[in-house]
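The values are calculated or read from the model by the stated rules, or taken from the named source; none is laboratory data. The structure presented is a predicted model; accordingly, all values stated were derived computationally and were not measured. Cβ coordinates were reconstructed from backbone atoms using ideal geometry, including for glycine residues, and neighbour counts include every protein chain displayed. Heads up: the accessible areas ignore ligands, DNA and RNA and are worked out on the full protein's heavy atoms, side chains in. Shrake-Rupley method; radii C 1.70, N 1.55, O 1.52, S 1.80 Å.
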Amino acid sequence: MKLRKLKQDFLRFVGTYILNYAVNIVCKSIRIRYNNLNIIEDLENQNKNFVLAFWHGNMLVPWFQFRNKKIAALISKSKDGDLLAKLLRHWKYQVVRGSSSSGGNTALGIMVDYAKNKCSVAVTPDGPKGPRFKFKAGAVITAKKSGIPLVLVAAGIKRKRILNSWDHFEIPKLFSEVNVFFYGPIFIDPKLSYEDTSKVIKDCENTLSELSSKANLFN
């Protein structure tokens, strides 16, 4: 039994290493065109933390673009989350494990603490299980409680593989063109009522969906 576990651990280690290597090759080959990148540059130049929000299905490019920075990432406790967490740690993210269905309140508290004191944070608001393109409250609540702005990010990939998963996960093909659109900064009043906060969440959902449609338009 012990030998079997050692074999499984070894195969998992090799698989993770190959995944990291392959993802880095693909992501370094893509050609990115930015829209409103100054939103991020202005916040970084002012040493201000922010909350990033992007859809689960096209999260690979944003995760790659914000690697090696002071950013905390909220990742689910699922097995798929294990793989992503290892990849993001390789990219120097501070990984916080939790979701709306498991460890949510604790994870949200940790993210707010990071946002207030240490670094920016990143969230996939329709993860980890969907529904697809449904903006859950986490990103908005983190921005509201921490007092830092929210920035929406959409990535459109011209040549890609789409997995048969709930989020239609997108993987760029080598040397693909990619559009990355930013929207914000969105400042959320900490005293906002529940009803008004819900409206902000819905507005963010609509805006991010519109942004994604624009990002997927190629000449």
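For the reader, a short list of remarks on this structure follows.
- Filter result for Arg67 (out of contact with any Leu (no Cβ under 9 Å at 6 or more places or on another chain), over 25 Å from Lys191 (Cβ atoms) and of a type in the set (D, E, K, R)): no
- Residue ID - modelled with the lowest pLDDT, chosen from residues in the range 15-37 that are open to solvent by 90 Å² or more (accessible area, probe 1.4 Å) and over 16 Å from Gly156 (Cβ atoms): Tyr17
- Annotation: of all residues in the range 203-219 being charged (D, E, K, R) and closer than 15 Å to Lys136 by Cα, the one that is surrounded by the fewest Cβ atoms within 10 Å (Cβ to Cβ) is Asp203.
Yes or no, residue by residue, for (1) open to solvent by less than 30 Å² (accessible area, probe 1.4 Å); (2) of a type in the set (Ser, Thr, Tyr); (3) over 20 Å from Asn38 (Cα atoms):
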| site | (1), (2), (3) |
| --- | --- |
| Ala154 | yes, no, no |
| Lys158 | no, no, yes |
| Asp167 | yes, no, yes |
| Ile201 | yes, no, yes |
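- From Leu43, Leu108, Leu74, Leu83, residue being open to solvent by less than 20 Å² (accessible area, probe 1.4 Å) and of a type outside the set (D, E, K, R): Leu43
- Selection of the range 111-133 for residues being in a helix (DSSP H, G or I) and open to solvent by 10 Å² or more (accessible area, probe 1.4 Å) yields Val112, Asp113, Tyr114, Lys116, Asn117.
- Scanning the range 46-57 for residues being more than 23 Å from Ile75 (Cα to Cα) and surrounded by 21 or more Cβ atoms within 10 Å (Cβ to Cβ) gives a total of 0.
- Of all residues making up the range 134-152, the number that are of a type in the set (Gly, Ala, Ser), crowded, with 18+ Cβ neighbours inside 10 Å and free of Cβ contacts under 8 Å to residues at least 60 places away in the same chain: 0
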